[in-house]
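Enquirer: Okay, handing you the structure first.
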Amino acid sequence: MQRYFVPVENWNDNTVLIKNDDHHHILRVMRMKVGDQMVVVHPKGSAALATIRDYSDDVVECIIDSWLEQNTELPVDVTIGQGAPKGEKWEMILQKGTELGAKQFISFQAERSVVKWDERKLVKKISRWEKIVKEASEQSHRTIVPTVQWMNKWEQFLEHSKSFDVCLFAYEEEAKQSLSVALHSVYQTIKPGAKILICIGPEGGFSEKEASDLRLHNFQSIRLGPRILRTETAPLYALASLSYYFEEMR
């Protein structure tokens, strides 16, 4: 069933108003009509089954039928910190990372980042990124839409990392070490509900200075298997393994 995330100001006691792009999608793409049902999601994470009661040129009015009991979010709060990759790679990370349960994405300018984001164009870029995660959240039946943030300064990212319970970074040198700590051993130390920051390098990987800075800020290096992964593959590997460990194994 089609799902829509609705801003808090469009909710009333037993009705919800859907506008803008979602209004267009409901009437023009899905061709819904009065009496059709959908799932609407409140910004706080609760979802409800709703029926279209009326519509006009700019708003679809729905009546809430019942609240749903759903649990589709990871039991840990995962943020992906990504050294800025090329645009198409970043968009894939946002889409697939949302499907795999990430709660937040932060892109930062790394020393070896090939791409250099133009600050003047970032407003449009972030708007596009937010649309990607919203659509991916709807498709994957999430109850929240991940946030997307850009940090131009490396020091800003390091300072922000202090707000997390667990900080990890995927370092290709670890993949070369046959005696490196197994990933599941790292996960065993993480409690449900923990705020986790997983830091991934850009196409060229982390510089030695960046790796040193991360360790000085209490990041633990992790190995994502014995192979060297591309920058767009590494966060998906980490998220999939977290999902398996915290959801499927338990």
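The values are calculated or read from the model by the stated rules, or taken from the named source; none is laboratory data. What you see is a predicted model, and the numbers here were worked out from it, not measured in a lab. Cβ placement follows ideal geometry from the backbone for every residue including glycine, while neighbour counts extend to all protein chains displayed. Just so you know, the surface numbers come from the protein's heavy atoms only, side chains and all, with ligands and any DNA or RNA stripped out. Shrake-Rupley method; radii C 1.70, N 1.55, O 1.52, S 1.80 Å.
Enquirer: What Kirkwood radius, in Å to one decimal, follows from the Cα pairs of the chain?
Expert: 19.6 Å
Enquirer: Hey, another quick one. Taking 26 Å as the cut-off for C-alpha to C-alpha distance, list the pairs among LYS131/LYS191; LYS19/LYS131; LYS19/LYS44 that go past it.
Expert: Numbers: LYS131/LYS191 31 Å; LYS19/LYS131 15 Å; LYS19/LYS44 19 Å.
Over 26 Å apart, Cα to Cα: LYS131/LYS191.
Enquirer: Quick one: length gained pulling ALA194 to ILE228 fully straight, 0.36 nm per residue minus the C-alpha distance?
Expert: Between ALA194 and ILE228, full extension yields 9.5 nm more.
Enquirer: How far is helix 122-139 tilted off the main Cα axis of the chain, in degrees rounded to 10, range 0 to 90?
Expert: 70 degrees
Enquirer: What percentage of the solvent-accessible surface of the chain, computed with a 1.4 Å probe over protein heavy atoms, is contributed by carbon and sulfur atoms?
Expert: The C+S portion of the solvent-accessible surface of the chain is 48 percent.
Enquirer: Order 37-47, 12-22, 142-152, 198-208 from most to least packed using the mean count of other Cβ atoms within 10 Å. Please report the intermediate quantities before stating the final value.
Expert: On the way: 37-47: 16.7, 12-22: 14.7, 142-152: 18.5, 198-208: 20.7.
The most tightly packed comes first, giving 198-208, 142-152, 37-47, 12-22.
Enquirer: Please work out the FRET efficiency for the pair GLU130 and GLN37, using the Cβ-Cβ distance as r and a Förster radius of 25 Å; give the result to the nearest 0.05. Present the calculation step by step, with values, prior to reporting the outcome.
Expert: Numbers: r = 26 Å, r/R0 = 1.06.
Rounded to the nearest 0.05, the efficiency is 0.40.
Enquirer: Please give the contour-minus-distance gain from ARG53 to ASN152: 0.36 nm per residue of separation, less the Cα-Cα distance, rounded to one decimal in nm. Numbers along the way, then the final one.
Expert: Details: separation 99, 0.36 × 99 = 35.64 nm, distance 4.61 nm.
Answer, rounded to one decimal: 31.0 nm.
Enquirer: What list of whole percents do you get for P(r) of region 190-249, with Cα-Cα distances grouped in 5 Å bins up to the one holding the largest distance?
Expert: Percent of Cα pairs in each bin: 4, 15, 24, 25, 19, 10, 3, 0.
Enquirer: For region 119-174, place one equal point scatterer on every Cα, skip the solvent, and apply the Debye formula. What is log10 of I(q)/I(0) at q = 0.30, 0.31 Å⁻¹?
Expert: For the requested q values the scattering log ratios are -1.05, -1.08.
Enquirer: What base-10 log of the normalised intensity I(q)/I(0) is obtained for region 39-141 from the Debye formula, alpha carbons as equal point scatterers, at q = 0.17, 0.22 Å⁻¹?
Expert: Log10 of I(q)/I(0), two decimals: -0.89, -1.18.
Enquirer: On to the next question. Take the Cβ-Cβ distance between GLU73 and ASN14 as r, set R0 to 22 Å, and report the resulting FRET efficiency rounded to the nearest 0.05.
Expert: 0.30
Enquirer: Take GLU135, GLU210 and sort them by solvent-accessible surface of the protein heavy atoms, 1.4 Å probe, largest at the top.
Expert: Accessible-area ranking of GLU135, GLU210, largest first: GLU135, GLU210.
Enquirer: Among 97-105, 215-223, how do they line up by average Cβ neighbours within 10 Å per residue, starting with the highest?
Expert: By packing density, highest mean first, the sequence is 97-105, 215-223.
Enquirer: Given the -39500 (n - 2.57) contribution per DSSP H run of 4+ residues, what per-residue ellipticity at 222 nm results for the chain, rounded to the nearest 500 deg cm²/dmol?
Expert: -8000 deg cm²/dmol
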